[in-house]
Amino acid sequence: MNGIVGHTWAINDRTINEFRFQYAHRGLEFNPSNIGDTTGDTDLVPDGQEIANQHAGYRLFRREPFSFVHRTEDRYQFVDNFSWTIATIILSSALTSIICRYRPTSL
């Protein structure tokens with residue numbers, strides 16, 4: 001779900017202010033690989049569903065290098081642009097602020 005609202009304000013014939021707000025809500029999932037269990041191994045967990053064991057600078061054991069993630073993200077973005085024309089020179093400044101809120105979801 002996304003939504004964008006904007007407003008452009010011509011203050012006079014030489015200055016313009018533009019404001020935008022964006023809201024976005026999305027789910028994010030990183031899941032294990034969909035492969036079966038290796039025949040003959042001694043673990044009880046299907047391959048690809050274990051958290052990786054990494055030894056820094058040496059080696060990565062197991063298939064998946066990251067923990068599995070299930071979360072939702074709410075993103076709020078505010079953008080304000082200001083432009084000012086002086087003869088043939090255009091001065092412009094911008095301010096952008098982004099707020100992201102992450103919430104884990106149940107598996």
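Among 85-91, 20-26, what's the highest-first ranking by average C-beta atoms within 10 angstrom per residue?
Values: 85-91: 8.7, 20-26: 13.4.
So the peptides 85-91, 20-26, ranked by packing, come out 20-26, 85-91.
Potential lengthening of the chain between Thr85 and Tyr23 amounts to 19.2 nm, from the contour at 0.36 nm per residue minus the alpha-carbon distance.
Each residue of region 94-99 was assigned a 3J(HN,Hα) from its phi angle through the Karplus curve 6.51 cos²θ - 1.76 cosθ + 1.60 (θ = phi - 60°); the sequence is 9, 10, 10, 10, 10, 10 Hz, with glycine and proline shown as x. Summing charges over all other residues whose Cβ lies under 11 Å from the Cβ of Thr96, with Lys and Arg as +1 and Asp and Glu as -1, gives 0.
Going from the residue with the fewest nearby Cβ atoms within 10 Å to the one with the most, Val79, Val5 rank Val5, Val79.
No lab work stands behind these numbers, since they all come straight from the coordinates. Fair warning: this is a prediction, and the values are worked out from it, not measured in the lab. Every residue, glycine among them, receives a Cβ derived from its backbone with ideal geometry; neighbour counts consider all protein chains shown.
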